[in-house]
Amino acid sequence: DQQVKQNSPSLSVQEGRISILNCDYTNSMFDYFLWYKKYPAEGPTFLISISSIKDKNEDGRFTVFLNKSAKHLSLHIVPSQPGDSAVYFCAASGTYKYIFGTGTRLKVLA
Amino acid sequence: DAGVIQSPRHEVTEMGQEVTLRCKPISGHDYLFWYRQTMMRGLELLIYFNNNVPIDDSGMPEDRFSAKMPNASFSTLKIQPSEPRDSAVYFCASSFGLAGVPGDEQFFGPGTRLTVL
């Protein structure tokens, strides 16, 4: 059973617009959440994280929002750039390990 | 630092053969993780080590899979015998600490794409 779900396998967005990637989780014990970005033929790289004591964390063009009551987090990229085209994984942690989602492939169209 | 290094990058083998994947973690990292990526299940943790000691191997799918970390700078993941359903991308990652706090993010290697025919 997937404890971390990314229900959209792919997303296309026009350059300059906002990209919103979503992630849902089922375990209320999760208290730390991360987003990783993966380019083809490379390993995932850490992008941004958020603790459960916060509901928003911002880093440049990237903002992660956490809605604990809905067990939902989202990653906003504004403005989107062609270089943001990649697969994005969300991950959640409650004990000692990360549980990853299946990923969303973002394509930013020039 | 060169980051996490994995070899080989690609491996094609026939069913029944032994496969060994290799990983060199980032120097100074105390934790090493092996993951498998598939379309259906995303990134699954197979096993992790702390200071070269295997701590949790509950993600290892079968006895055909084994992992070792003989020293702080080297780990192997072995599949014997390999089967077509083992075909996936295998990632090694390392970190200073366990998940859950800033600064303990995992750094991933480029992965080994395994194809078992």
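Only Cα sites of the protein assembly as shown enter the Debye sum here, all with the same form factor; the resulting log10 I(q)/I(0) across q = 0.09, 0.14, 0.15 1/Å is -0.36, -0.88, -0.99, listed in q order. Sparsely packed loop sites in the stretch B:43-117 (the GluC sites (Glu not before Pro) outside DSSP H, G, I, E and B with at most 14 other Cβ atoms within 10 Å) comprise B:62. The trypsin sites (Lys or Arg not before Pro) of the stretch B:1-47 that DSSP puts in a loop, and whose beta carbon has at most 13 other beta carbons within 10 Å, are B:9, B:41.
Using DSSP to define loop residues, name the chymotrypsin sites (Phe, Trp or Tyr not before Pro) in the stretch B:74-108 whose beta-carbon has at most 15 other beta-carbon atoms within 10 Å. Listed in order of number, the matching sites are B:96. The mean sequence distance of close C-alpha pairs (under 8 Å, at least 6 residues apart), as a share of the length of chain B, puts its relative contact order at 36 percent. Within 10 Å of the Cβ of each residue in B:33-41, the mean number of Cβ atoms contributed by other protein chains is 3. On the principal axes of its alpha-carbon atoms, the stretch B:18-88 has extents of 35, 24, 19 Å, going from largest to smallest. If only the Cβ of Lys and Arg carry +1 and only the Cβ of Asp and Glu carry -1, the dipole of chain A around its Cα centre is close to 80 debye. Among the residues of A:88-100, the average count of other protein chain beta-carbon atoms within 10 Å of the residue beta-carbon is 5. The calculated pair-distance distribution of chain A uses every alpha carbon pair, bins of 5 angstrom beginning at 0, and gives 2, 13, 25, 25, 20, 10, 4, 1, 0 percent.
Just checking the listed ones, A:45, A:95, A:26: in the Gaussian network model of chain A with Cα springs under 10 Å, the one fluctuating most is A:95. The stretch A:82-108 to the stretch B:1-57: how many Å between their Cα centroids? The distance from the Cα centre of the stretch A:82-108 to that of the stretch B:1-57 comes to 18 Å. Across the stretch A:5-61 the C-alpha pair distances fall into 5 Å bins from zero in the proportions 4, 12, 20, 26, 24, 10, 4, 0 percent. For Cα pairs less than 8 Å apart in space and 6+ apart in sequence, what is the mean separation divided by the residue count of chain A, i.e. the relative contact order in percent? With pairs under 8 Å counted, the relative contact order is 37 percent.
Read-outs: derived from the displayed coordinates by stated rules, not from any lab. Just so you know, these numbers come straight off a predicted model, no measurement behind them. FYI the Cβ positions are ideal-geometry reconstructions off the backbone, even for glycines, and counts take in every protein chain you see.
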